[in-house]
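**Q** Following this message is one structure expressed as structure tokens.
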């Protein structure tokens, strides 16, 4: 019902806006608002829109659709849109006629303005507080203030909240607030698309929103399939607004505004393309001609072309606005919804029939509340509160309360289920079509009240994949890395608490290569920590068959096989993402990581550390001790001795053997050698000989060690001795390509790594 905000809900909205202002303050002060990037190149092109990918290090604001400024070689900043993060790359969209970059941009500086989106959100919420009419009923339902759910709730005598896809679709067609709980592989996106199709057939207007561009892309691509052959699709009334970048969305030209205009007004797009070519010709001529009179002539021509091009672009923009006005379905990110007036006001004076939120568990609640207050008749929240939650940039209590919790929790759905009660607003999909039965049973016990069922065909496909080692025939395997005595370290950069473990990274990559050599083509390697993901990506730089990223980046995707690197080990026994005060966070991370795999999931974990350092309430410990079982465990020693190899990594039987391998390597004269020796145990004659050889070759040799180790090298006058450690394990950097990584004990398995990118990342992470 349309009415003004008052009483408790008004106070809630005002408190939420305090959280918004705290987020603005946090992102404004964030040092990541300006970063250095490298190796920029065009990833894709649609019309004049180019999608550039850049490599980067460190952390970034997670909100897509931010405006950015790209500065190359001290030139003028070029405006672009931040589209997505893909591993250690970020993707930006910009117009080709608005820059003069080379085909490859070696280095550039990106400046962000993430606060702009939050400022728009703040203004909208303030406006709702003063408005005479807003959709207060839906807002109260989102805030769990109506009492209706409690009145209709009852104690569960079974899992009554489970439903098939058809029942879930039917529930979303009713007015009010609805939740579709979609555990991994249960067909959440398919259910969403069917719901949209039903509404289109009823003549409804539908807004599809999500936080990430990738989620909008996947949803709109599936909707495009469902609506194939319909009048709405043929007439250009189904739109993907913004910057799609996934191939499945870019290939759906029926929903891309510029492609629709190209079909409806081909002469307009042809004129634009012709003017762009003319502009390039004149610019080249202007640069090449040094005759003053000719330069003046070309400058006049350039001004004329620019003026004509500007007029054409204006007409294209007007055509896009008309498409939005007449649309029946629009897919857009929540960020663009906030900043795009034409989308925000759509469909004019009419009331929006439905807003559907994909990946609702990852959406910042204040954005959803703003969407509810703009008066849709119905909201359908599709997501999974057992997967990753939204992230609050600020640590204020208001920001963490409203940005750090998902809509399922705030609306009271989670608390009712955990207390054994039903929630009439909720339908949960039960049958999963992705994973093998063992993987599904594991995540079911871990996160879904043991309720997941497996489609028979999925079980058959998983059975074929599971036949490969380690532990052939097992879908879920834990590789115990305790015998490595790997050292877990903390990223030394200010403000970072991310962790890395170089030995564990090499284990994960070695196993992934073994899976590939066994015939598995689709493989992912994931970890909870950003620093570890950078090490993994360094090792896999040339391995096109394997993707490596954090768990957050893998949400929404799947692979035939997944390797999960848990990283944690001594000496870092303080709280982490997996051992911290929030078991819910650890559960979500583990659930997402495991459920990405179709037929083989290999978890690399230091089991001695987990059983000794993790509390009994830890989901990680529960997974190891209760869910997986002894039959699914294998020692890392068994894996390495089984002959698994990697193109980058040679495993050796201890530090001494690794040094012998290193002695046989030809180290170019003039290379730098940096060695960390934490204890006397890592000294041997082989190392002495290696060091002396480098000194004789006039290579720069630097040793980091405690004073009792330094005394053994005092005779080497040309050595640089630094009396400190950068870790508890033996490590050597030989030139820019070779690294030796050992454990906390000299006689534990050690590896020699040939990877320039791994060497660079490990050195950056290790050096304080």
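**Q** So if I check each of 664, 586, 593, which one is under 30 Å from residue 557 (Cα atoms) and free of Cβ contacts under 8 Å to residues at least 40 places away in the same chain?
**A** Details: 664 fails: under 30 Å from residue 557 (Cα atoms); 593 fails: free of Cβ contacts under 8 Å to residues at least 40 places away in the same chain.
Selected residue: 586, the only one of 664, 586, 593 that is under 30 Å from residue 557 (Cα atoms) and free of Cβ contacts under 8 Å to residues at least 40 places away in the same chain.
**Q** Now a separate question. Within region 24-55, restricting attention to residues that are crowded, with 20+ Cβ neighbours inside 10 Å and at pLDDT below 90, which residue is farthest from residue 217 (Cα to Cα)?
**A** 26
**Q** Looking only at region 178-226, count how many residues are outside any helix (DSSP H, G or I), closer than 13 Å to residue 332 by Cβ and in contact with a helix residue (DSSP H, G or I) (Cβ under 7 Å, 6 or more places away or on another chain). Let's see the steps before the verdict.
**A** Going through region 178-226, the residues outside any helix (DSSP H, G or I) turn out to be 178-187, 202-212.
Now restrict to residues that are closer than 13 Å to residue 332 by Cβ: 206-212.
Narrowing the set further to residues that are in contact with a helix residue (DSSP H, G or I) (Cβ under 7 Å, 6 or more places away or on another chain) leaves 206, 208-211.
The number of residues fulfilling the criteria is 5.
**Q** Which condition does residue 245 not pass, out of (1) surrounded by fewer than 20 Cβ atoms within 10 Å (Cβ to Cβ); (2) closer than 29 Å to residue 82 by Cα, if it passes all the others?
**A** (1)
**Q** Output the residue which, of all residues in region 485-515 that are surrounded by fewer than 18 Cβ atoms within 10 Å (Cβ to Cβ) and in contact with a strand residue (DSSP E or B) (Cβ under 9 Å, 6 or more places away or on another chain), is farthest from residue 576 (Cα to Cα).
**A** 496
**Q** Looking at 690, 733 in this structure, which one is modelled with pLDDT of 85 or more, not in a helix (DSSP H, G or I) and not assigned by TED's automatic domain parsing to the domain that holds residue 485? It would help to see each step written out before you state the result.
**A** On the way: 690 fails: not in a helix (DSSP H, G or I).
Just one listed residue meets the conditions, 733.
**Q** Name the one entry in 419, 342 that is out of contact with any helix residue (DSSP H, G or I) (no Cβ under 9 Å at 6 or more places or on another chain) and more than 20 Å from residue 557 (Cα to Cα). Full working, then the answer.
**A** Working: 342 fails: out of contact with any helix residue (DSSP H, G or I) (no Cβ under 9 Å at 6 or more places or on another chain).
One residue alone meets the criteria, 419.
**Q** Here's a follow-up. Is it fair to say residue 232 is touching a helix residue (DSSP H, G or I) at 6+ places or on another chain (Cβ under 9 Å) and modelled with pLDDT of 95 or more? Full working, then the answer.
**A** Details: touching a helix residue (DSSP H, G or I) at 6+ places or on another chain (Cβ under 9 Å): yes; modelled with pLDDT of 95 or more: yes.
For residue 232, the condition - touching a helix residue (DSSP H, G or I) at 6+ places or on another chain (Cβ under 9 Å) and modelled with pLDDT of 95 or more - is met.
**Q** Now for a separate question. Whether any residue in region 527-534 is touching a residue at least 24 places away in the same chain (Cβ under 8 Å) and either under 23 Å from residue 472 (Cα atoms) or not assigned by TED's automatic domain parsing to the domain that holds residue 589 (or both) is what I want to check.
**A** no
**Q** Follow-up. Within the bounds of region 650-663, is there any residue that is assigned by TED's automatic domain parsing to the domain that holds residue 680, touching a helix residue (DSSP H, G or I) at 6+ places or on another chain (Cβ under 9 Å) and in a loop (DSSP other than H, G, I, E, B)?
**A** no
**Q** Which strands (runs of 3 or more DSSP E) sit wholly inside region 325-408 and have at least 2 residues that are in the same structural domain as residue 176 (by TED's automatic domain parsing) and farther than 24 Å from residue 257 by Cα? Outline the logic, then answer.
**A** Numbers: elements: 329-333, 354-357, 378-383.
It comes to 378-383.
**Q** Next question, about the same structure. Only one residue in 695, 701, 709, 740 is under 36 Å from the mean Cα position of the chain (by Cα) and not in a loop (DSSP other than H, G, I, E, B), so which one is that? It would help to see each step written out before you state the result.
**A** Numbers: 695 fails: under 36 Å from the mean Cα position of the chain (by Cα); 701 fails: under 36 Å from the mean Cα position of the chain (by Cα); 709 fails: under 36 Å from the mean Cα position of the chain (by Cα).
That would be 740, the only listed residue that is under 36 Å from the mean Cα position of the chain (by Cα) and not in a loop (DSSP other than H, G, I, E, B).
**Q** Using the structure shown, decide if residue 313 is farther than 25 Å from residue 556 by Cβ and surrounded by fewer than 14 Cβ atoms within 10 Å (Cβ to Cβ).
**A** Working: farther than 25 Å from residue 556 by Cβ: yes; surrounded by fewer than 14 Cβ atoms within 10 Å (Cβ to Cβ): no.
Judged against the criteria, residue 313 is not a match.
**Q** Within region 63-175, considering only helices (runs of 4 or more DSSP H) that don't extend past its boundaries, which have at least 3 residues that are surrounded by fewer than 21 Cβ atoms within 10 Å (Cβ to Cβ)?
**A** Working: elements: 115-130, 136-142, 148-152, 165-172.
Once the helices (runs of 4 or more DSSP H) in region 63-175 are filtered for at least 3 residues that are surrounded by fewer than 21 Cβ atoms within 10 Å (Cβ to Cβ), what remains is 115-130, 148-152, 165-172.
Table: residues versus (1) closer than 26 Å to residue 92 by Cβ; (2) surrounded by 14 or more Cβ atoms within 10 Å (Cβ to Cβ); (3) at pLDDT 90 or above; (4) out of contact with any helix residue (DSSP H, G or I) (no Cβ under 8 Å at 6 or more places or on another chain).
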| residue | (1), (2), (3), (4) |
| --- | --- |
| 241 | yes, yes, yes, no |
| 259 | yes, yes, yes, no |
| 265 | no, yes, yes, no |
| 269 | yes, yes, yes, no |
| 292 | no, no, no, yes |
| 300 | no, no, no, yes |
| 328 | no, yes, yes, no |
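**Q** Also, I was wondering about something else. Report yes if residue 677 is under 16 Å from residue 750 (Cβ atoms), assigned by TED's automatic domain parsing to the domain that holds residue 565, surrounded by 13 or more Cβ atoms within 10 Å (Cβ to Cβ) and at pLDDT 85 or above, otherwise no. Can you show your working first?
**A** Working: under 16 Å from residue 750 (Cβ atoms): yes; assigned by TED's automatic domain parsing to the domain that holds residue 565: no; surrounded by 13 or more Cβ atoms within 10 Å (Cβ to Cβ): yes; at pLDDT 85 or above: yes.
When the stated conditions are applied, residue 677 does not pass them.
**Q** What are the residues in region 189-203 that are surrounded by fewer than 24 Cβ atoms within 10 Å (Cβ to Cβ) and touching a strand residue (DSSP E or B) at 6+ places or on another chain (Cβ under 6 Å), if any?
**A** 199
**Q** Give the residue that is nearest to residue 444 (Cα to Cα), with candidates limited to residues of region 568-603 that are at pLDDT below 85 and surrounded by fewer than 16 Cβ atoms within 10 Å (Cβ to Cβ).
**A** The residue in question is 582.
**Q** Spot the failing condition for residue 457; the list is (1) within 30 Å of residue 473 (Cβ to Cβ); (2) at pLDDT 95 or above; (3) in contact with a helix residue (DSSP H, G or I) (Cβ under 8 Å, 6 or more places away or on another chain), and only one is missed.
**A** Of (1) within 30 Å of residue 473 (Cβ to Cβ); (2) at pLDDT 95 or above; (3) in contact with a helix residue (DSSP H, G or I) (Cβ under 8 Å, 6 or more places away or on another chain), only one is false for residue 457: (3).
**Q** Select the strands (runs of 3 or more DSSP E) contained entirely in region 463-577, then report the ones holding at least 3 residues which are under 23 Å from the mean Cα position of the chain (by Cα).
**A** Correct list: 523-527, 546-550, 559-565.
**Q** Exactly one condition in (1) buried (at least 23 other Cβ atoms within 10 Å of the Cβ); (2) farther than 15 Å from residue 591 by Cα; (3) free of Cβ contacts under 8 Å to residues at least 60 places away in the same chain is false for residue 544; which is it?
**A** The single condition residue 544 does not satisfy is (1).
The values are calculated or read from the model by the stated rules, or taken from the named source; none is laboratory data. Keep in mind the model is a prediction, meaning the values are calculated, not measured. Virtual Cβ from ideal backbone geometry, glycine too; neighbours counted across all protein chains shown.
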